[in-house]
Amino acid sequence: MPVIKILPHPEYCPAGTEITAPAGTSICEALLDNHINIEHACDMSCACTTCHVIVRQGLSSLNQAEEEEEDLLDRAWGLEPQSRLSCQAILAQTDVTVEIPKYTINHAKENH
């Protein structure tokens with residue numbers, strides 16, 4: 001199983017951590033399954049940008065972003081070339097390192 005290294009985030013994962021998830025799982029699902037409650041206002045349907053992450057290592061091992069995801073990412077706060085929507089980024093067998101941006105464009109926080 002691939003390892004996902006999550007860099008420290010003041011709200012979701014203050015110390016940073018490493019988790020594992022089966023290949024074929026989205027990064028968002030893996031985070032949520034491991035009690036890292038990243039926002040996902042659209043319920044992982046690729047309709048918002050609240051689950052935006054920056055893939056610091058292992059980006060090329062993930063599935064290719066589709067046009068719909070790339071169009072949405074244009075609206076994400078702190079967009080970088082390694083940005084992905086975690087609900088659309090599917091793990092392969094390679095370890096990845098992700099950073100959860102400090103902010104989202106979400107005006108109201110959801111309690112999922």
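The set of residues from segment 1-51 being out of contact with any helix residue (DSSP H, G or I) (no Cβ under 6 Å at 6 or more places or on another chain) and polar (S, T, N, Q) comprises T17, T20, T25, S26, N34, N37, S45, T50. Contact annotation: residue pairs with Cβ atoms under 7 Å, 6 or more positions apart or on different chains, pairing a residue in segment 91-103 that is within 19 Å of E39 (Cβ to Cβ) with a partner that is of a type in the set (S, T, Y), are I100/Y12. The set of residues in segment 20-35 that are surrounded by fewer than 18 Cβ atoms within 10 Å (Cβ to Cβ) and touching a strand residue (DSSP E or B) at 6+ places or on another chain (Cβ under 6 Å) comprises T20, N34.
Looking across segment 2-18 at every residue that is buried (at least 18 other Cβ atoms within 10 Å of the Cβ) and either within 19 Å of L62 (Cβ to Cβ) or among the aliphatic types (A, V, I, L, M) (or both), the one that is farthest from the chain's Cα centre (by Cα) is identified as P2. In the condition set (1) closer than 22 Å to Y103 by Cα; (2) crowded, with 17+ Cβ neighbours inside 10 Å, Q57 is compliant with all but (2).
For segment 61-84, the criterion of being touching a residue at least 40 places away in the same chain (Cβ under 8 Å) and either over 17 Å from P2 (Cβ atoms) or acidic (D, E) (or both) is met by no residue. Per this entry, Q82 is counted among residues that are surrounded by 14 or more Cβ atoms within 10 Å (Cβ to Cβ) and either more than 10 Å from the chain's Cα centre (by Cα) or among the polar types (S, T, N, Q) (or both). Restricting I54, I27, I36 to residues that are touching a Cys at 6+ places or on another chain (Cβ under 6 Å), on the phi < 0 side of the Ramachandran plot and at pLDDT 95 or above narrows the list to I36.
The values are calculated or read from the model by the stated rules, or taken from the named source; none is laboratory data. Bear in mind that the values here come from a model prediction, so they are computed numbers and not experimental data. A quick note on method: Cβ atoms are made from the backbone with ideal geometry, for glycine too, and the neighbour counts reach across all protein chains shown.
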